[in-house]
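Since every read-out is calculated from the coordinates, none of them should be taken as a lab result. Model, not experiment: these values are computed from the prediction. Reconstructed Cβ throughout: ideal geometry from the backbone, glycine too, with neighbour counts over all protein chains shown.
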Amino acid sequence: MEKPNILMIVTDHWSAGLLGAAGHTAIHTPTLNQLCRNGVRFTNCYSEHPVCIPARRSLMTGTPARVHGDRRFQPRLEMPDLPTLAQTFRDAGYQAQAVGKTHTYPQRDRLGFDDVHLDDEGRTLYGVTDDYEIYLGDKGYLGQQFGHGMSNNAYQTTPWHLPEEAHATNWATDTLARQIRRRDPKRPGLWYLGYRHPHPPLVPPQRFLDHYQGVDLDEPFIGEWARDPAMLPYHLQAIAARGGYSERESRAARRAFYALCTHIDQQIGALIGTIREEGILDNTIILFTSDHGDMLGNHNMWAKQTFYEWSAGIPMILVGTENCRRTGFNRTDDRLVALQDVMPTLLDLAGIDIPDSVVGRSMVSDDRRETLYGEFGEVGHCSRMLRDRTHKLIYYPVGNIFHLFDLEKDPDEMVNLADDPANAQTLERMKVQLLAELYGSDEEWIKDDAFVGSPARTFHPGPNRGLSLTRGHQWPVPPVNPKGDMNFFPEAPEDWDGSV
């Protein structure tokens, strides 16, 4: 039987709800909506480690952090010695090409692909000038990709300052389209496309900003539990400290974010058009997902690193080959799935043996999990999640705090049920299930089979000297910078409020 081609599209910061097919009233995603009608959308998909690098390790190895070794975000940690998705497909005779963001170390680690055309967002601090920057130089825009002045981890916005064809989204699409045209016609292809957006900087081309002119955008929502920053767990105090955006800035950020999504949606359409014109679309599997979502001001929070729906909930769209009875079409599937399930799913559909190291489950099999465990961070900035069919439990060890939500009745997580006597039985049952998942340093939070956590703390926001990782001119190439890593939670000493 002829092996199918695989097109795997991975964005950055795209929440599950940001699809017209998911009922969003403002965002415009016609291509992705069409993919949903041509396949299956998984409505309970999560990033089990909602921050870039750990999430991508799960995606590429089919394993959770307990196996691949990173639940914190360790930018200088090499990939574990595990079979990767790409290498497993190559071992089965596939040609494997990757374009865009992979977020690995060392940066030229190919992860098992034959080749990677890299967009590493100008991370010259690790010693590599990526292929997108080289492209800009070839086009006469040497070192100018960050000439817009926007931060890579903040939510101010401005239109893209170079021609649209030089935007990272266009470059990634065009580069992969060329690789597909150059494929070996005697071998099936695995094609990975890693879009860097809608991750900040929020710099969409002007015509996509114009697309949202006059559109009524949804407003951020805030649960009662999130209204008083002083009452939040330590980790959430740090997350909330990233905010401080005015209503005008918040509205502009949401508009620009949606514009970046629509830009990607249009480019995906162009890429699928290339595959169709090559005459291979009917034998191509398409998967669309993201490494994690973005809170976008909901519950007074921005970005990722939490287990609330807009941070940890991600889209998962799967389109099979022509008349594939295993994926079907125009349907949704509410099973609990995660990024670790991508590798076994694609291997399963391609008829390739799944390595024994893989922990994830095929999303087109009958093997459905009853609960899904998620973990982020260690020591102070950390949280743990347990999700079952109806409820979500989030645990903050610092202060020994629990948040419990009934997602069937409260999908926006407005009401914390952890202190509600009517939900005590559900809370205790899920605590027992969560206890069984903890390992390593987490065991310090347990005494006599009960959660005790660690002492409560108050987060003291410090100066953000790096402006949330703002980058500058990339020519001459900046030097290797051992202190250039992102500080997600700049904190001041407890005894200093900045006064002199």
Residues in the stretch 140-167 reached by a label modelled at residue 470 [backbone nitrogen below 20 Å; 7 Å Cα→Cβ]: 143-162
The chain: DSSP helices with Cα axial extent of at least 30 Å and average Kyte-Doolittle hydropathy no lower than -1.0: 247-277
Rounded Å value of the spacing that divides the Cα centres of the stretch 189-242 and the stretch 250-326: 14 Å
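Hey, got a sec? Which trypsin sites (Lys or Arg not before Pro) in the stretch 357-410 land in a DSSP loop and have at most 16 other Cβ atoms within 10 Å?
For trypsin sites (Lys or Arg not before Pro) across the stretch 357-410 that sit outside H, G, I, E and B with at most 16 neighbouring Cβ atoms in 10 Å, the list reads 368, 369, 389, 409.
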Square roots of five times the Cα gyration tensor eigenvalues for the stretch 10-72, Å: 27, 12, 9
Chain lengthening between residue 415 and residue 210 when straightened (0.36 nm per residue, less Cα-Cα): 70.2 nm
Rg(Cα)/(2.2 N^0.38 Å) for the chain, N = residue count: 0.94
Distance between modelled label sites at residue 217 and residue 251, nm, 7 Å Cα→Cβ extension: 0.9 nm
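Where in the chain lies the longest segment free of GluC sites (Glu not before Pro) that are both loop residues by DSSP (not H, G, I, E, B) and have at most 15 other Cβ atoms within 10 Å?
Counting only loop sites that pass the neighbour cut-off, the longest clear stretch is 79-277.
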Relative contact order %, the stretch 401-500, counting alpha carbon pairs below 8 Å whose residues are six or more apart: 18 percent
Cα-only radius of gyration and Dmax that characterise the stretch 112-168, units Å: 12.5, 38
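As an exercise, identify the trypsin sites (Lys or Arg not before Pro) in the stretch 285-356 lying in DSSP coil whose Cβ has no more than 11 other Cβ atoms within 10 Å.
On the way: sites: 304, 325, 326, 331, 335; in loops: 304, 325, 326.
Taking the stretch 285-356 and a limit of 11 other Cβ atoms within 10 Å, the loop trypsin sites (Lys or Arg not before Pro) found are 325.
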Separation of the residue 367 and residue 78 label points, Cα + 7 Å toward Cβ, nm: 2.9 nm
In the chain, lysine pairs with alpha-carbon atoms under 28 angstrom apart (chain gap of 8 or more, or interchain): 15
